[in-house]
């Protein structure tokens, strides 16, 4: 059975409030996955997505998983093994380690941190040692790695953070 990698993200609605909207997690560079092929231990193992979002698997070679969901990844790998190598392969993909998120600006220790499921902005700030005295908590922005436009979005302390996101805590002047 596959690990479903589902995130509950925050999607803006007309009134300006936010409501939970489930979105499937998409793999990206820096993720580490475990591939299990039923009854084929030589084909199973742990693999890191390289800088192009691909993994190199036994027999079938390089498979690009960048931007794919867990389910899509299982389908792609199953089809590749079924084409020339296995009869009715059963493939399971699960995420072992998510790519890190980044936090910069007015926090005590800006940098890259390991992602933890269910993370919010306030959790990320806590990992980075907390706010500095000059932080402007009302103007925090997040750039989601999954956003093709790479636009920064205003964030609250309870806003969801996903792997690969960049959080910026600006300085206040008064």
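Brief remarks on what is shown
- From the options 136, 97, residue that is under 30 Å from residue 41 (Cβ atoms) and surrounded by fewer than 18 Cβ atoms within 10 Å (Cβ to Cβ): 97
- When residues of the range 103-133 are limited to those that are buried (at least 19 other Cβ atoms within 10 Å of the Cβ) and in contact (Cβ under 8 Å) with a residue 60 or more places away in the chain, the one farthest from the chain's Cα centre (by Cα): 106
- Scanning the range 55-81 for residues that are under 15 Å from the mean Cα position of the chain (by Cα) and either at positive phi or part of a strand (DSSP E or B) (or both) turns up just one, 67.
- Filtering 43, 49, 27, 65 for residues that are crowded, with 18+ Cβ neighbours inside 10 Å, under 30 Å from residue 154 (Cα atoms), in contact with a helix residue (DSSP H, G or I) (Cβ under 8 Å, 6 or more places away or on another chain) and at pLDDT 95 or above leaves a single hit, 65.
- Residues that are part of a strand (DSSP E or B) and touching a residue at least 40 places away in the same chain (Cβ under 8 Å), drawn from the range 25-54: 32, 33, 34, 35, 36, 37, 46
- Selection of the range 153-174 for residues being assigned to a strand (DSSP E or B) and under 17 Å from the mean Cα position of the chain (by Cα) yields 160, 166, 167.
The values are calculated or read from the model by the stated rules, or taken from the named source; none is laboratory data. Note that this is a predicted model, so its numbers are computed, not measured. For neighbour counting, all protein chains shown are included, and Cβ atoms are generated from backbone atoms with ideal geometry for every residue, glycine included.
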